[in-house]
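J.: Quick one: this structure, given as structure tokens, is what I'll be asking you about.
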Amino acid sequence: MFKQQGAIRALGTAVIAAHPQLAEVLDRHGLTLDPVTGGVAELAPFNQAMSKRAAQVQRNLNGRGSRPARRTPTPGTATKDRPRMAGGEG
């Protein structure tokens, strides 16, 4: 799953970076597009601090993630917090 997310993120970054007017608009606002990362160079120092999941991601990268990934329940199935409803809804 993480490889898919990375691929989707990379594709999105490439599409945004290929926008013909993006570099011009960024330049007008005093920002530059990093051609290597596809990110706004001036905002890079803030990426980790702005990430709500920075600590969790860092733990997982360091191999210290202690909890298994949560699975999204299939619609119509019961979970601990949500009993199955009639007709398979919810």
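The values are calculated or read from the model by the stated rules, or taken from the named source; none is laboratory data. Since the model is a prediction, treat every value here as computed from it, not as a measurement. Cβ: placed from backbone, ideal geometry, glycine included. Neighbour counts: every protein chain shown.
J.: Residue check, residue 45 against (1) at pLDDT 80 or above; (2) on the phi > 0 side of the Ramachandran plot; (3) not aliphatic (A, V, I, L, M), all met but one. Which one?
T.: Result: residue 45 fails condition (2) only.
J.: Let me ask something additional. What are the residues in the stretch 21-43 that are over 16 Å from residue 10 (Cβ atoms), in contact with a Leu (Cβ under 8 Å, 6 or more places away or on another chain) and assigned to a loop (DSSP other than H, G, I, E, B), if any?
T.: Within the stretch 21-43, 31, 32 qualify.
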